[in-house]
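The values are calculated or read from the model by the stated rules, or taken from the named source; none is laboratory data. Just so it is clear, the structure is predicted and the values come from calculations on it, not from any experiment. Here the Cβ positions follow ideal geometry from the backbone for every residue, glycine too, while neighbour counts run over all protein chains shown.
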Amino acid sequence: MSDLNECHVCGKTIRGEWDSQVYLGMETGELSKSGIHRWLIYDKHIKCSPSRAQRIIHRKYPRVFDSRERFDIRLWDEDERNRWVKIYTEAWVRLQIEYNPKWKNNYARHEKN
């Protein structure tokens with residue numbers, strides 16, 4: 001039986017909701033926010049899901065590419081690519097602000113100034 005906080009791809013600990021591809025899926029609306037997916041889907045780091053991670057384009061997120069032709073976002077229609085990059089990047093930022101303690105502290109300080 002797998003530990004719920006263990007990435008089923010690399011085997012390392014998923015540090016929190018901000019690093020979880022299940023929580024990212026709930027934030028993008030692709031998975032129900034009921035949370036049932038947390039118990040039914042083997043979770044992994046966002047970066048360990050390159051088909052999803054490549055859609056996050058943010059200065060604080062390392063660039064990921066999925067070279068599998070079927071999933072490579074660089075081969076998509078530009079409008080479709082831009083749409084999914086916006087959805088995923090905004091969802092990732094919301095996860096950071098909501099759950100990542102490093103972001104929460106920095107975001108709170110930034111909002112006060």
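Is it fair to say S2 is at pLDDT 90 or above and either out of contact with any strand residue (DSSP E or B) (no Cβ under 6 Å at 6 or more places or on another chain) or surrounded by 15 or more Cβ atoms within 10 Å (Cβ to Cβ) (or both)?
No.
Could you pull out the residue among I36, I41 that is closer than 11 Å to Q21 by Cβ, at pLDDT below 95 and more than 11 Å from the chain's Cα centre (by Cα)?
Exactly one of I36, I41 is closer than 11 Å to Q21 by Cβ, at pLDDT below 95 and more than 11 Å from the chain's Cα centre (by Cα), namely I41.
List, please: which pairs have Cβ atoms under 7 Å, are six or more places apart or on different chains, and start with a residue in the range 7-35 that is more than 14 Å from Y88 (Cβ to Cβ) and end with one that is among the small types (G, A, S) and surrounded by fewer than 20 Cβ atoms within 10 Å (Cβ to Cβ)?
Pairs found: H8/S2.
Give the range 39-73 a look and list any residue that's touching a Ser or Thr at 6+ places or on another chain (Cβ under 9 Å) and not in a loop (DSSP other than H, G, I, E, B), or say none.
Within the range 39-73, H45, I46, P50, R52, I73 meet the criteria.
Would you check if R70 is more than 22 Å from P101 (Cα to Cα), touching a helix residue (DSSP H, G or I) at 6+ places or on another chain (Cβ under 9 Å), modelled with pLDDT of 95 or more and of a type in the set (K, R)?
Criteria not met by R70.
So, of the residues in the range 42-70 that are over 14 Å from L95 (Cβ atoms) and either charged (D, E, K, R) or in contact with a Gly (Cβ under 8 Å, 6 or more places away or on another chain) (or both), which turns out to be surrounded by the most Cβ atoms within 10 Å (Cβ to Cβ)?
Selected residue: K44.
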